[in-house]
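This report concerns only the one structure given below.
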Amino acid sequence: MKKKVLLMGKSGSGKTSMRSIIFANYIARDTRRLGPTMDIEHSHVRFLGNLVLNLWDCGGQEAFMESYFTSQRDNVFKNVEVLIYVFDVESRELESDLHYYQSCLEAILQNSPKAKIFCLVHKMDLIPEEQRDMIFEKRSAELKKYSEPLNTTCFRTSIWDETLYKAWSAIVYRLIPNVEQLETNLDSFAGILEADEVLLFERATFLVIAQAIKRHHNDPHRFEKISNIIKQFKLSCTKLQAQFQCMEVRNSSFAAFIDMFTANTYIMVIISDPSIPSAATMVNIKNARKHFEKIDKLSA
C-alpha cells in the first residue's frame, strides 16, 4: 500500500534535515553537512511492513517551485495522500512563503482534494522560549485562515528536541489503515498487564504509532522524548556493531520495559505496581506477539 507524501517549503526551511533525522538515521548535528535539494528527491520508505511512504522531497529554490505549479503540476500534485509544508519561523520572506503555500493548496484542491494538509512551523529553537507559544499560535491561526476551505493541522518543530517526533508521529498515525483496531487491542493488553501505559513504536524510525493510557501523566511530551532518546541509543549501539533488542528500567516509582515486539514494532510497557514481577511482564509480552503479528498481516 503506497501513500504519496509531498514535503514542500522554501529553500533552507529544513525539509531535508528533518527527513534525514526521521528516515535516514541522522543525528541533528550531522544535518549541517546536507546540501540543498535539487528539484525533487524521491524515496520509498517502508513503514510497518505493508505501508510504503512514497516521499517526494521537493527542492525549494524559486525556479523549482515555479516549475511545480506549471510544467510539473499534474505529475507533482496528482494522487497526493499528504502535503507537509515547512515554514522557517524566522523567514524574512513570509509573504513569498505564503504565496507559494497558497499555490500548493490550489494545485492540491484541483488534483488531490482529499489530501491531508500539515504545516510545520520549523526552527522554533531559534525563538526565545518565553515567546514560542505566542508566536506559534499567531502563525498557526494565519496558516489555517490561508488554508480555507481546506483544513490544515499545524505543528511547531525543531530538529533539536522532541517536537519533530511529535509532528511526524501524528502525521504517520493518520496514514495507518488499521490504527483503531491496533489501539483497541493495545488497550485490552494494557489491562491484562495492569500497566499504566503501553506504546508501540515503528521499528525503524521509532515514531509512536499507537498507545494505550490507563493512568494520567503530567508530561504530555513524554512519548516523543522517549522516541528521541531511544533512537539515539539505538544508533549508538549500531556504531558499536551491537543490536538493540530490549531494555528494562526500574526504580522505586515504576518499571519500564522496551522490547522488540512484531516484525515492524517495538513495545514499551510502563508499570507502577511494584508487586508485579518483571518475568511476568516479559512472558505476557512474548505471548502477545503472535496476536499482534496477525493484526499486522490483516492490514497488509
Considering only the other residues whose Cβ falls under 11 Å of the Cβ of residue 265, what net charge follows from Lys and Arg at +1 and Asp and Glu at -1?
-2
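Keeping the other protein chains in place, figure out the carbon and sulfur percent of the accessible area of the range 8-87, with a 1.4 Å probe.
On the way: 1510 of 3350 Å².
Carbon and sulfur together cover 45 percent of it.
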In degrees, nearest ten, helix 94-111 long axis to first principal axis of the chain (Cα)
80
Accessible surface, 1.4 Å probe, highest first, among residues 3, 294
294, 3
Taking 0.36 nm per residue of separation between residue 98 and residue 44 and subtracting their Cα-Cα distance, the length gained on full extension comes to 16.6 nm
What accessible surface, in Å², does a 1.4 Å probe find on residue 203, ignoring ligands, DNA and RNA and rounding to the nearest 10?
70
Partner aspartates and glutamates for residue 239 [C-alpha distance under 15 Å; skip if fewer than 8 residues away on the same chain]:
30
When we measure straight from the Cα of residue 294, which lysines land under 21 angstrom away, once same-chain ones fewer than 8 places off are left out?
2, 286
On a 1.4 Å probe surface of the protein chains, which of 254, 155 comes out largest in accessible area, and what is the full order?
254, 155
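Can you send over the carbon and sulfur percentage of the accessible area for the range 91-240, probe radius 1.4 Å, protein chains only?
50
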In the range 255-300, what percent of the accessible surface is made up of carbon and sulfur (1.4 Å probe, ligands and nucleic acids excluded)?
62
When the distances between all Cα atoms of the range 197-264 are binned every 10 Å from zero, what whole-number percent does each bin get?
17, 53, 27, 4
Can you pull the one-decimal nm distance between simple spin-label points at residue 187 and residue 242, each 7 Å off the Cα toward Cβ?
3.9
Can you return the lysines within cross-link range of residue 4? Criterion is Cα-Cα under 23 Å, with same-chain partners fewer than 8 residues away left out.
15, 78, 114, 116, 144, 166, 297
What figure in square angstrom, to the nearest 10, would you give for the accessible area of residue 124 with a 1.4 Å probe?
10
Multiply the residue gap between residue 160 and residue 289 by 0.36 nm, knock off their C-alpha separation, and tell me the result in nm, one decimal place.
43.1 nm
In terms of the Cα gyration tensor, with a ≥ b ≥ c the square roots of its eigenvalues, is the range 1-65 rounded because a/c is under 1.5, prolate because a/b exceeds b/c, or oblate?
oblate
Return one whole number: the accessible area per residue of the chain in Å², for a 1.4 Å probe.
49
What number, rounded to the nearest 500 deg cm²/dmol, is the helix-based mean residue ellipticity at 222 nm of the chain, given -39500 (n - 2.57) per DSSP H run of at least four residues and division by all its residues?
-13500 deg cm²/dmol
Putting +1 on Lys and Arg Cβ atoms and -1 on Asp and Glu Cβ atoms, find which of 243, 254, 8 reaches farthest to the positive end of the dipole of the chain.
243
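The values are calculated or read from the model by the stated rules, or taken from the named source; none is laboratory data. Here the structure is a predicted model, which means the values were calculated and not measured. FYI the Cβ positions are ideal-geometry reconstructions off the backbone, even for glycines, and counts take in every protein chain you see. The protein model used for the area step is the full one, side chains on, heavy atoms only, and it has no ligands, DNA or RNA in it. Shrake-Rupley method; radii C 1.70, N 1.55, O 1.52, S 1.80 Å.
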